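The block underneath contains the structure these notes are about, expressed in structure tokens.
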Amino acid sequence: MINRLNKLEQISNKLEGSVALRKDWNRAVLNYAGDFLQKVNETNTFNLFEEDDILKINFDISENSVPVDDVIQQIKQDIDKPGLNPASGGHLAYIPGGGVFPTALGDYLAAVFNKYAGIYYAGPGVVKLENTLIRWMCEIIGFPKNALGNLTSGGSVATLIAVATARDVKKITSKNITKSVIYITEQAHHSVNKAIRISGLNEALIKYIPMDGNFRMNTVNLEKQVHNDKLTGLNPFLIISSAGTTDTGAIDPMEKISEIAKKNNIWHHVDAAYGGFFILLENYKNKFKGIEMADSVTIDPHKGLFLAYGTGAVLIKDVNALNQTHRYQANYMQDVVETVAEPSPADLSPELTKHFRGLRMWMPLRLFGLKPFKAALEEKILLTHYFYNEIQKLGFETGPFPDLSVMIYRYVPKNTDANSFNLMLIDEVKKDGRVFLSSTKINGVIWLRLAVLSFRTHLRTIDTALEVLNSLIMKFS
Ligand SMILES: *Cc1c(COP(=O)(O)O)cnc(C)c1O
């Protein structure tokens, strides 16, 4: 046995590597990252690919080690190249963000020292850091000092946590679920419907509240609907509004919605995954009035703080409620010292062992300070206003004047079907590759979207987008 152990140690020690090996790996990774960043503004935003080529890719692992340069080469060829380059400023589709570099440094260190981020007792500094970031987000949206929440993998999980908590606070069970009502609009993000289903609320009644001409929830309709539902013996328990919808960036009237929620004892969740961080701008704060009255909020640092993908957040006023839904008990956890200093993420989320997400968020905020973040956010709004004006000059029709940095527009050709024409434009933009745009369908009408939220998107990027669209109109209309 001792012989075998010695032999095994010899082989397993390879997992530690050596100073020289680590140096070599660092060199290869840093060179590649440096090269990528150097060229990020010159390379295509979208690279068309053949499915056949993807089918041929071989990511298989084997018993043997592979030199780092071969690994990097494959990452470059098979992962980095095909499809969308979300780090590019030309990414103007869905909701971009970019991925500020210090996110990578935070992830790197978090992985090297592998601090335990689930429980205060194991990593008090880790948990304090994450809670400080959560409290900072609570503060900027106007939540009280004792509010908290959780750093999640993204907005979808954040909303799931909020919906499950609302379900328990409002005591929705098999006994009353079919009479219980959730209020949203057609413009709610699909992650909301997903959260409702995953949290076992599929049998609840979902009522879609009509919207005004700017795609904002109509609160007169909301109030009437809640009133009628109560009269007919139903149980209104949850309203989910949006502070920045994905389709058009519309902000629901949160103050009025919060009032209706309070008056009727309904949980109000605000999906601010996309729009939330614009509240940092003094000039735009009033658009978010009433968000501070909500019970819970979803906000995505991997959108409005331009972090690389992997960090969302849920903010909740009633931390006790959050804990009640996510509490656990296990004999093998009995040595964990109970503490009141800082609540642990494991007590406030579905996760136990988790990624130390705080560092990837804190490092950029710390290294840059808030100033350039705010400047970038304001820049994105003004770029969208600029595009709104310029695209009309090219003969496009526009949707409502944008609340934030997302807007819709479309070209209506004289002789062909507008919907298929605009879908064709999207395909052609993809083939061109310089910028990347996406479309949506609202009441049967196809609209093109512009979503400006990458920190790398600047005036020249928007001019390129206009140039691409203009040349397509010249060619096809
Ligand atoms: C992006 C987005 C979500 C989903 O968040 P993920 O981080 O992608 O999971 C939810 N709501 C809105 C409004 C969004 O823009």
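The values are calculated or read from the model by the stated rules, or taken from the named source; none is laboratory data. These numbers were taken from a predicted model, which means no experiment stands behind them. Positions of Cβ are generated from backbone atoms using ideal geometry, with glycine treated the same way; all protein chains shown enter the neighbour counts. Please note that ligands, DNA and RNA were not included when accessible areas were found on the heavy atoms of the full protein model with its side chains. Shrake-Rupley method; radii C 1.70, N 1.55, O 1.52, S 1.80 Å.
Observations on the model:
- Alpha-carbon Debye profile of the range 1-138, log10 I(q)/I(0) at 0.11, 0.15, 0.19, 0.20 Å⁻¹: -0.69, -1.09, -1.25, -1.27
- Taken as Cα centroids, the range 298-362 and the range 165-236 sit 26 Å apart, rounded to the nearest whole angstrom.
- Cβ-based charge dipole, the chain, positive-most Cα from N419, H355, T45: H355
- If you plug the beta carbon distance of L370 and N415 into 1/(1 + (r/R0)^6) with R0 = 51 Å, you get a FRET efficiency near 0.50.
- Here K414 is the anchor, and the lysines within straight C-alpha reach of less than 19 Å, apart from those fewer than 8 places off in the same chain, are K393, K475.
- Binning the alpha carbon pair distances of the range 371-476 at 5 angstrom intervals from zero yields the distribution 2, 12, 24, 25, 20, 10, 4, 2, 1, 0, expressed in whole percent.
- The range 107-368: radius of gyration over Cα atoms, expressed as a fraction of 2.2 N^0.38 Å: 1.00
- Within the accessible surface of the range 371-476, defined with a 1.4 Å probe on protein heavy atoms only, the carbon and sulfur portion equals 51 percent.
- Kirkwood Rh, Cα atoms: Rg over Rh of the range 256-301: 1.00
- The amide H of W267, built 1.01 Å from its N in the peptide plane, has L238, I239 as neighbours under 5 Å, considering only residues 5 or more places off or on other chains.
- Distance in nm between pseudo-label sites at L5 and E139 (7 Å out along the Cβ direction from Cα): 5.2 nm
- Each listed q (0.18, 0.21 Å⁻¹) maps to a log10 I(q)/I(0) for the range 207-279, found by the Debye formula over equal Cα scatterers with no solvent: -0.68, -0.89.
- Ordering of 440-449, 70-79 by packing [mean C-beta count within 10 Å, highest first]: 440-449, 70-79
- Dipole magnitude of the range 69-210 about its Cα centre (Cβ charges: Lys, Arg +1; Asp, Glu -1), debye to nearest 20: 880 debye
- What the phi angles of the range 449-460 give under the Karplus curve with 6.51, -1.76 and 1.60, with θ = phi - 60°, is a coupling list of 10, 10, 10, 9, 8, 7, 5, 8, 7, 10, 3, 5 Hz, glycine and proline written as x.
- DSSP beta bridge pairing in the chain, given as percent antiparallel to the nearest 5: 55 percent
- Among residues other than I260 with Cβ under 11 Å from its Cβ, the summed charge is +1 (Lys and Arg +1, Asp and Glu -1).
- Placing a label point 7 Å from the Cα of H227 along the Cα-to-Cβ line, the residues of the range 258-285 whose backbone N sits under 18 Å from it are 258-266.
- Listed residues L383, L365, L453: farthest to the positive end of the dipole of the range 353-477 (Cβ charges): L365
- Filter on K262/K317; K56/K194; K128/K287; K194/K285; K14/K128; K7/K115 - keep pairs with C-alpha separation over 24 Å: K56/K194; K128/K287; K194/K285; K14/K128; K7/K115
- Amide H within-cut-off set for E186, under 5 Å, with H built and near neighbours excluded: I209
- Under 5 Å, built H, 5+ apart or other chain: amide partners of L84: N47
- Table column - 3J(HN,Hα) (Hz), the range 39-53, Karplus curve with 6.51, -1.76, 1.60, x for Gly and Pro: 9, 4, 7, 9, 7, 4, 7, 9, 10, 4, 9, 9, 4, 4, 5
- Calculated FRET efficiency, R434 to V68, Cβ-Cβ distance, R0 = 30 Å: about 0.40 to the nearest 0.05.
- Listed residues N283, S18, A321: farthest to the positive end of the dipole of the chain (Cβ charges): A321
- Dipole moment magnitude, nearest 20 debye, the range 340-466 about Cα centre, only Lys, Arg, Asp, Glu C-beta charged: 320 debye
- Every Cα-Cα pair in the range 194-243 was counted, and those over 12 Å apart are 70% of them.
- Taking every Cα-Cα distance in the chain and sorting them into 20 Å bins from zero, the calculated P(r) comes out as 22, 50, 26, 3, 0 percent.
- In this structure, D80 and A122 have a Cβ-Cβ separation that, at R0 = 25 Å, corresponds to a calculated FRET efficiency of about 0.10.
- Ligands, DNA and RNA left out, the accessible area of the range 102-178 computed with a 1.4 Å probe is 60% carbon and sulfur.
- Per residue solvent-accessible surface (Å²) - the chain, probe of 1.4 Å: 50 Å²
- Taking label points 7 Å from Cα along the Cα-to-Cβ direction, V336 and L15 give a separation of 2.4 nm.
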